[in-house]
Structure formats: structure tokens, C-alpha cells
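The values are calculated or read from the model by the stated rules, or taken from the named source; none is laboratory data. Bear in mind that the values here come from a model prediction, so they are computed numbers and not experimental data. As a convention, Cβ positions derive from the backbone with ideal geometry for all residues, glycine included, and neighbour counts pool all protein chains shown. In case anyone asks, the SASA skips ligands and DNA or RNA and just uses the protein heavy atoms, side chains included. Shrake-Rupley method; radii C 1.70, N 1.55, O 1.52, S 1.80 Å.
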Amino acid sequence: GKAVDLRLYFIANEGPAIAGGKPSFASLHGAPEVEENIRQLCMGAHSPATYLDFILERNKSSAREADWQAAVAKFGGDPKVITACAEGAEGAALLSQSLKASEAKGANGSPTIYVNGAAYKGARGVRSFTLALCAALKASGQSEPQACAKALSLPPDPGEAGGNCGEGGKAPAAPAAVDVL
């Protein structure tokens, strides 16, 4: 909610300009990932109140083959505006800015998460992320939103070692041995 200033930055490589002076980009998952990143940035620029809902909707499809225009419209955006942004100089500039911000933070893997400037090392899940944010709010003297109390009642996230964020959690279990041929 309003207690958190969430900023998303993408990881990719910016290459030399192609026809028309537009920069080229390469990412781990290829052109479809770059195109989706740009659409998400354009949605953030043109529909900032609902772009996170758009991102969550898009992430429901593992291959992201779903109709992205329908997802834009579902969350109050104009597909024509997002298309113009994504295919034009604006989208390329947004991605370029995002990549520079990631690089400045030292992010080189996804996800790389910082909470109040410190690298987050906990489990990847709603409960763990929420509790980490709640701990940061508490440490800065801010009141905790209701989500903090609700998060305590959620089951532990995969990879969470008995809890975290001051809950008196157990030490992490020893890693399982795996034979690699």
C-alpha cells in the first residue's frame, strides 16, 4: 500500500542502435521478454495506478502468450497508447532508463531486491517479502499496516527457514545432497 515505495527495474543488455536510431536490447529470454518489459514500463508510465495489477495479470501466463491488449484494457489502459509507447522511442527510453537504474543498484539477477537500501536475502514469497517490509517499517519508526499481522498467519514460503524478520526462526536446514553426473 502507501507504506511502501515499490520500484521495479529490468535486467537486459542495451546494444548499438538499429535502424532509425532506436537502441537494441537483449535479455536472457530473448525478444519476447524485452517486448514484455517495455510494455510493462509503458503501462507504468501511462497507467501508474494499475500497472502492478497489469504485471500480476501478465505473470499468470507462464509463456505470456495471453492477449496483452486485453490485460491493458482490463486495468484501465488504452492498448493503442501502450502500443505506440512500446513500439516507439518512448518505450526504448523507458527500458534504457530502467537498465541504468538496475546497473546502478548492482542488480545482475532476477529478482534482486533491496529493502531500505539493503539487499534482501530471504525466501521468495508473499509472507517473507511482507515480513521483511514490515520489519523495515518498524525499524524506521513507522506504524505497520494490517498486512503485517496478516502475514504472520500465512504458511511459511518455500525456502523459508522456520520464519524470519525477528520471529525467532530456526537456523536453516542443511542443504540436501544431490548427485550431478
Query raised in the report: When the Cα atoms of region 79-155 are enclosed in a convex hull and the volume is divided per residue, what value in Å³ results?
Result: 154 Å³
Query raised in the report: Say each of Asn13 and Val126 gets a label point 7 Å from the Cα, pointing the same way as Cα to Cβ; how far apart are those two points in nm?
Result: 3.8 nm
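Which whole-number value in Å² is the accessible area per residue of region 3-45, probe 1.4 Å?
Working: 2520 Å² over 43 residues.
About 58 Å² of surface per residue is accessible.
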Query raised in the report: What distance in nm separates the simple spin-label points at Ala118 and Lys80, each placed 7 Å from Cα in the Cβ direction?
Result: 5.0 nm
Query raised in the report: Too long at a 30 Å Cα-Cα cut-off: which of Lys74/Lys121; Lys2/Lys74; Lys60/Lys121; Lys74/Lys138?
Result: Lys74/Lys121; Lys74/Lys138
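By accessible area of protein heavy atoms, probe 1.4 Å, what ranking do Tyr120, Tyr9 get, highest first? Mind showing how you got there, number by number?
Values: Tyr120 40, Tyr9 95 Å².
These residues rank, largest area first, as Tyr9, Tyr120.
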Report task. Among Ser140, Cys42, Val115, pick out the residue whose Cα is farthest towards the positive end of the charge dipole of region 1-146, where Lys and Arg carry +1 and Asp and Glu carry -1 on C-beta, about the Cα centre. Result -> Ser140
Report summary line: Semi-axes in Å, largest first, for region 4-54 (Cα gyration tensor, √(5λ)) are 23, 12, 10
Query - Viscosity 1.567 mPa s, temperature 4 °C, Stokes-Einstein D of region 36-95 from Kirkwood C-alpha radius, µm²/s - result: 117 µm²/s
Query - Label zone at Ser140 (point 7 Å along Cα-to-Cβ), backbone N below 13 Å, region 1-38 - result: 1-7
Requested in this report: Please sort 14-22, 52-60 by packing, taking for each peptide the average over its residues of neighbouring beta carbons within 10 angstrom, highest first.
Outcome: 52-60, 14-22
Query raised in the report: Magnitude of the Cβ-charge dipole of region 1-126, K/R +1 and D/E -1, about the Cα centre, nearest 20 debye?
Result: 400 debye
**Report entry** Alpha-carbon Rg with Dmax, taken over region 1-156, Å
**Finding:** 17.2, 54
**Report entry** Candidate lysines - alpha carbon under 23 Å from Lys22, same-chain residues fewer than 8 apart omitted
**Finding:** Lys80, Lys100
